[in-house]
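The values are calculated or read from the model by the stated rules, or taken from the named source; none is laboratory data. Remember, it's a predicted structure, so these values are computed and weren't measured experimentally. So basically every Cβ, Gly included, is an ideal-geometry build from the backbone, and we count neighbours across all protein chains shown. Side chains included, ligands, DNA and RNA excluded: accessible areas come from the protein's heavy atoms. Shrake-Rupley method; radii C 1.70, N 1.55, O 1.52, S 1.80 Å.
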There are 6 protein chains.
Amino acid sequence: MHKPGTAGVVVQNIERADQTIIDGLAQCGVATVHEAQGRKGLLADYMTPIYPGARIAGSAVTILAPPCDNWMIHVAIEQLHPGDVLLLGTMAPSNAGYFGDLLATSAMHRGCKGLIIDAGVRDVKDLTEMGFPVWSKAVHAQGTIKETLGSVNVPVVCADGLVNPGDIVVADDDGVCIVRREEAASVLEKANAREANEGGKRARFEAGELGLDIYNMRERLAEKGLKYV
Amino acid sequence: MHKPGTAGVVVQNIERADQTIIDGLAQCGVATVHEAQGRKGLLADYMTPIYPGARIAGSAVTILAPPCDNWMIHVAIEQLHPGDVLLLGTMAPSNAGYFGDLLATSAMHRGCKGLIIDAGVRDVKDLTEMGFPVWSKAVHAQGTIKETLGSVNVPVVCADGLVNPGDIVVADDDGVCIVRREEAASVLEKANAREANEGGKRARFEAGELGLDIYNMRERLAEKGLKYV
Amino acid sequence: MHKPGTAGVVVQNIERADQTIIDGLAQCGVATVHEAQGRKGLLADYMTPIYPGARIAGSAVTILAPPCDNWMIHVAIEQLHPGDVLLLGTMAPSNAGYFGDLLATSAMHRGCKGLIIDAGVRDVKDLTEMGFPVWSKAVHAQGTIKETLGSVNVPVVCADGLVNPGDIVVADDDGVCIVRREEAASVLEKANAREANEGGKRARFEAGELGLDIYNMRERLAEKGLKYV
Amino acid sequence: MHKPGTAGVVVQNIERADQTIIDGLAQCGVATVHEAQGRKGLLADYMTPIYPGARIAGSAVTILAPPCDNWMIHVAIEQLHPGDVLLLGTMAPSNAGYFGDLLATSAMHRGCKGLIIDAGVRDVKDLTEMGFPVWSKAVHAQGTIKETLGSVNVPVVCADGLVNPGDIVVADDDGVCIVRREEAASVLEKANAREANEGGKRARFEAGELGLDIYNMRERLAEKGLKYV
Amino acid sequence: MHKPGTAGVVVQNIERADQTIIDGLAQCGVATVHEAQGRKGLLADYMTPIYPGARIAGSAVTILAPPCDNWMIHVAIEQLHPGDVLLLGTMAPSNAGYFGDLLATSAMHRGCKGLIIDAGVRDVKDLTEMGFPVWSKAVHAQGTIKETLGSVNVPVVCADGLVNPGDIVVADDDGVCIVRREEAASVLEKANAREANEGGKRARFEAGELGLDIYNMRERLAEKGLKYV
Amino acid sequence: MHKPGTAGVVVQNIERADQTIIDGLAQCGVATVHEAQGRKGLLADYMTPIYPGARIAGSAVTILAPPCDNWMIHVAIEQLHPGDVLLLGTMAPSNAGYFGDLLATSAMHRGCKGLIIDAGVRDVKDLTEMGFPVWSKAVHAQGTIKETLGSVNVPVVCADGLVNPGDIVVADDDGVCIVRREEAASVLEKANAREANEGGKRARFEAGELGLDIYNMRERLAEKGLKYV
């Protein structure tokens, strides 16, 4: 993994998007937000939720962590504002269990909405009961150490995506999508428009109309040479 | 992935097995059907259900789709008869999200029982709430395009299996098994016989008899040289 | 996979740890036990439970099985004492479905608490309904044969771990951890101490204290050169 | 893996394409043939050659083999004509070492040009010295047994592709491509045309012309909105 | 994959490091450069060379490409200066064969030293004979299309690393390492110092001294509790 | 990975097999030795050589190493006798680059024949030029630290195999096979017998006889029901 920025830095004041925008993005969900911003921002599909049904959005407090070393998570928790989401990328691949129920207790007390971690997590039964959602690369109890510095609130690469501190993280059962903070308002607008449009289409699909007709596909398919036999 | 047949063809009239046979196979489930037909027909074990508990069977309406292009699903939905199952193989590997809640709404209106897709699916929370089961290689929100023709109701390779249109798809928490349409009646017969036989054995196991005795294994194990120490 | 010991042997009398120790380890769970014994004993993170929520511990009745051949499971079931856990390693990699509902019925009748299998399992819907937990490498219906001898109650390599017969298997949603039988009492003691200690910390985290302060991290972080900007 | 056809059958007389066509396809290589037939027929990219530099084509003598059982290869070798290629798919995934130097000695004596195997191979140092090329999923010394029937010269699924006996296998450092026997002549014609066309383009590229100009891309890129800044 | 920046942009004037610095980094190689810059900058270990023995460095001309679409490579080639390295990241995962011998001919004419591609490459036999080195995720002949815009010379995520246009790419048999353009001079200085230091150590190792003594490890090992038995 | 034995121990005096036995096993190679000892002892097929053509055997000096920490290799090198092979297993999965040209220089000076490492290696170009063969899980330049104790010459799990110090490691292009020290003489005898037997068969295969006849397979195939059509 690549380390953008320098290890050993904690950026304390990051800009965050407006809370109503963040809440709006949460309501739209990953697939809609991803489409609304031109099909960008998705993290890799190996990032799976530890339990089904959660849907969150929040400002990213980013963590750049050494392999098998979770020290920086303690540092990052102090930087959390209510509504934030922790997001951790590593300096080299690791599936160790960086995060468990004690850290979740601490993060929840600060109002943290969840964790995105390109590594492992443990105590998933407890986390499920606490209702603290995590999207991770692995579930693994392997312990970590506290020896080497990383950074907090620097840009990080996480599961194939570049995430800046303060970017909006949207996560649900479909995975994780990142929205640039400065594009958040316009993305929400497009996502809402898309939702409205989809509502209308859903009614037509429910009534039995076909996508072939709703989207006027028949002519173009024929032009491309589709043959019915 | 290999394209048997030619791209750009929609076969409209396919033969289907008798509905009572299909329903019988659904009741037997994947493991029993797989065994009953001589341990053939299983798709790869990376095909997993988006939610647990579903058990379906239906005639395959097959889709051969280009990578990252879901156009042919719209074409295929028009070909669905009540009770059918959509099954999609790709012309090159893809984990993009070909299918979501709008397509599911449309497919359900036509009586479709579920989707088998050697690629990605999205809106899984909605699909779960709608009760539309999907077995897929990935959950991924990545959008697809509508640019290139594939085919509908031609033979396709899907998750290591060859599937002809009209073959019976059986799917449950154990995975997906394909039954040739022309063998369906005889497979059901053998599967039912197997179920009956297993019922008797289950009672003996419940009563505490050992497989070593139920199946008369002790002598053959001794002949092979098994030593108790 | 390596075969420690010779194929074709069933060891009938193995030593087991005290039941109260085993029950104590079950209560602590995988992450705590793993930490308590110096971060050793974890099996690979591809070993996942077929349903969430189970937490078990038991003495390992070990099975060394040929690829695609489940014969030795029948032999092993006869060796089960109430409270034991079946654990299967293979002589060469396999994802076939070695175990299903009939074998589970038999194992449950002998008081078996669950199965750890570095291969595939099937009938997972039935196993879930029966409440028989399995941690496996794969869910796959692929049938197995009964042709070649393996061994029972010899040391086996399972999912990157070495397991001796009578070692204690602890398994929950975080995975599987092995405790040497002869170390079980001392590991339980340390695990209980850790639990007590964590209880106190949890209360402090719930009250809003930070790990930075609870663990006195600030000074050492500063020494390492952490900079707040 | 799915078993098309019935196990236990050896088809002795298969049709083969004309040798001059096969030789022509060998000369074109995988990438060109794949393009010439409309981008179909490629096997999965995990099929890699055991040594670099080989480029072959030949009629497929297909083998459908049980997992970990290489018996059918002996049966298939008797069916080889000079210039043929052995191609093996399995009834369930296996990385065992089905093939080594003795079988290669036998196959070479019959004029076999190489092996495509969706499983493992061994003795690769000897095979390299003998100049017998193999494209395989794995290199693994794991021994196989001779217990269960498969079939020879039936359609098989191999590395995501469907292969009929007598189809032409083209293989080189880029992988493996299958050409339908009945399409071979027309595919060769298109491949040769493509080669000729590429030769002209290569000269222009060598002279420093850009693809942007050779293919007249600038206008269409501008229409799509490409901006130079 | 995440798209930093906007699709549809070609940045024409990028800053490049001094050629003597780039040449110096090439001579040091990946492992030394990675260490010299504090163990950052390595791309994922799945990036492997198509042939052994190449060692290059150059300024990155970056390409952000849609899945299965190689149009932007043609655009990027026009932006190459002698000594540059092409580096391609995708907007969604793809193993298609984006690059072959014609594009290599064109790139070599512009003085390009090689390609780093988080996707597939083809014509590897030709590329090897031409001496055009490529580090890729896959070798695959699968054709690509020219339909959708990406960008050239914007920041891209490639194989877990963030790469800015003009960053220095160092690649050899150990993989690929990225050096920030603005840090290149200081990294080279540290790398050269490291090389000099290693030269001295190599002589001592060759003379039979042990690392235990060269690095004075014995005391610290004893303090940690290492026991010789 | 499981840690058999306790961390922090170096066993100095291990028993080794007779050198003539070891040399004999080297000459037989992996596939023959694996067969001769009843198809056991193979390590996982992801263990690949960094260059083709090497064939070695030697007594294992085993290393149990923490993830991302290569300190114990320095300790192990002091324990090497001429003709030994270093073999490293990790306490948790790691693909970091534990070993490079300086350590190889030191190991070669002690007469070490090669390295088997269930982790990463770097400087592979130098190692190739030095003729120091390595079989590894990964090639990766990622640096390691020297912070945590492991052990030397204790039993380790490496790539799915259990290896005791002093066991014989046989490695070639087919992978790696472990022979128990106490079984080495009898395994060599069987391997030599097998070689002699194969020599005779090779001559018959070269003369054109078929395996069907050499092994008298035709009758048994017919009994199993094989049909020629």
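Worth a mention:
- Long-range amide H partners of D:Ala54 with built H, under 5 Å: none
- Segments E:195-207, F:124-136 sorted - mean Cβ within 10 Å per residue, highest first: F:124-136, E:195-207
- The stretch C:122-146 and the stretch C:147-207: distance between their alpha carbon centers, rounded to Å: 23 Å
- Among the residues of D:118-130, the average count of other protein chain beta-carbon atoms within 10 Å of the residue beta-carbon is 4.
- The stretch D:130-191 - Debye-derived log10 I(q)/I(0), Cα point model, q = 0.12, 0.17, 0.19 Å⁻¹: -0.44, -0.83, -0.98
- Antiparallel bridges, percent of DSSP beta bridges restricted to the stretch C:45-193 (to nearest 5): 50 percent
- Using R0 = 45 Å, the C-beta based FRET efficiency linking F:Arg202 and D:Tyr46 works out to 0.90.
- Innermost chain D residue relative to the axis carrying D onto E, by Cβ distance in angstrom: D:Pro52, 6
- Take each residue in B:211-223, count the other chain C-beta atoms within 10 Å of its C-beta, and the mean is 3.
- The residues of the stretch D:1-115 expose on average 27 square angstrom of accessible surface per residue, using a 1.4 Å probe on protein heavy atoms.
- For the protein assembly as shown, share of DSSP beta bridges that run antiparallel, in % to the nearest 5: 45 percent
- For the protein assembly as shown: rounded, prolate or oblate by the Cα gyration tensor [a/c cutoff 1.5]: rounded
- For the stretch B:68-149, the fraction of alpha-carbon pairs in successive 5 Å shells from zero, as %: 3, 16, 30, 28, 17, 5, 0
- Chain E, relative contact order in percent, only Cα pairs under 8 angstrom and at least six apart counted: 30 percent
- Non-local Lys pairs in chain E, i.e. 8 or more apart or on different chains, that have alpha carbons under 18 Å apart: 4
- Label points for C:Thr48 are taken 7 Å from Cα along Cα→Cβ. From this copy to the others they lie 0.2, 0.2, 2.6, 2.6, 2.6 nm apart, shortest first.
- At the listed q of 0.13 Å⁻¹, the Debye profile of the stretch D:82-207, built from one uniform point per Cα, gives log10 I(q)/I(0) equal to -0.63.
- Inter-copy label distances at D:Gly225, shortest first and taken from points set 7 Å along Cα to Cβ: 2.9, 4.5, 6.2, 6.3, 7.2 nm.
- The protein assembly as shown, dipole about Cα centre (Lys/Arg Cβ +1, Asp/Glu Cβ -1), debye to the nearest 20: 0 debye
- Take B:89-95, B:209-215, D:221-227 and order them by the average number of nearby Cβ atoms within 10 Å per residue, most first; the result is B:89-95, B:209-215, D:221-227.
- Theoretical ellipticity at 222 nm over chain D - DSSP helices of four or more residues, -39500 (n - 2.57) apiece, nearest 500: -9000 deg cm²/dmol
- Cα gyration tensor, the stretch F:1-151 - rounded (a/c under 1.5), prolate or oblate: rounded
- When you restrict to C-alpha pairs under 8 Å that are six or more residues apart and normalise by the size of the stretch C:90-147, the relative contact order lands at 44 percent.
- What separates the E:Leu212 label point from its copies, with the point 7 Å along Cα to Cβ, is 4.3, 5.1, 6.3, 6.3, 7.8 nm, written shortest first.
- Relative contact order for the stretch A:95-229, counting Cα pairs under 8 Å that sit 6 or more residues apart, in percent: 16 percent
- Shielding of B:88-96 by partner chains, average beta-carbon count, 10 Å: 6
- Calculated on the alpha-carbon coordinates, the convex hull of the stretch A:168-211 measures out at 85 cubic angstrom per residue.
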